[in-house]
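The values are calculated or read from the model by the stated rules, or taken from the named source; none is laboratory data. Only a predicted model underlies this, so the values are computations on that prediction, with no experimental measurement involved. Don't worry about glycine lacking a Cβ; one is built from the backbone with ideal geometry, like all the others, and counts go over all protein chains shown.
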């Protein structure tokens with residue numbers, strides 16, 4: 001048995017599942033795998049009901065979107081540069097096309113232009129173009145286009 005953990009999915013709590021699906025499925029093009037409703041006992045919130053959607057993030061990994069419908073709590077996530085903050089990175093084939101599609105619906109990157117990584121010691125990151133954007137719930141999403 002391999003003791004090394006592998007990433008199965010990343011879960012993101014959202015206020016409006018429909019708005020999040022528009023962002024991830026329609027604008028970013030992530031295929032929808034499954035939707036449904038479930039009780040949120042695994043998170044330790046007794047009596048919580050939630051709607052969920054699972055999106056294909058490639059290589060067998062998924063993004064899970066969760067909208068708590070009952071007994072949910074709200075909190076502001078810490079900024080990406082604070083302990084407890086974080087981001088989800090998604091690889092894209094054409095960063096400029098994705099950014100144009102996002103801009104048409106009011107989503108803009110956190111920097112004026114994408115950052116290009118430039119250093120041979122960075123390995124596969126050498127030549128990668130990346131940018132951060134906020135999703136409808138202000139989760140930080142990094143979009144990365146690796147050099148060909």
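Would you call residue 144 part of a strand (DSSP E or B), free of Cβ contacts under 8 Å to residues at least 40 places away in the same chain and closer than 19 Å to residue 28 by Cα? Working first, answer last.
Details: part of a strand (DSSP E or B): yes; free of Cβ contacts under 8 Å to residues at least 40 places away in the same chain: no; closer than 19 Å to residue 28 by Cα: yes.
So residue 144 does not fit the description; no.
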Among residues of the stretch 53-68 being closer than 21 Å to residue 6 by Cβ and more than 13 Å from the chain's Cα centre (by Cα), the residue surrounded by the fewest Cβ atoms within 10 Å (Cβ to Cβ) is 59
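Return yes when residue 33 is touching a helix residue (DSSP H, G or I) at 6+ places or on another chain (Cβ under 7 Å), outside any helix (DSSP H, G or I) and in the same structural domain as residue 18 (by TED's automatic domain parsing) and no when it is not.
No; evaluated as a whole, the condition is false for this residue.
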Does the stretch 58-80 contain at least one residue that is in contact (Cβ under 8 Å) with a residue 60 or more places away in the chain and over 24 Å from residue 18 (Cα atoms)?
yes
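Inspect the stretch 52-71 for any residue being part of a loop (DSSP other than H, G, I, E, B) and at pLDDT below 90 and give the result as yes or no.
Initial filter on the stretch 52-71 (part of a loop (DSSP other than H, G, I, E, B)): 57-61, 71.
Next, from what is left, pick out any that are at pLDDT below 90: 71.
Yes, there is a match, as at least one residue in the stretch 52-71 is part of a loop (DSSP other than H, G, I, E, B) and at pLDDT below 90.
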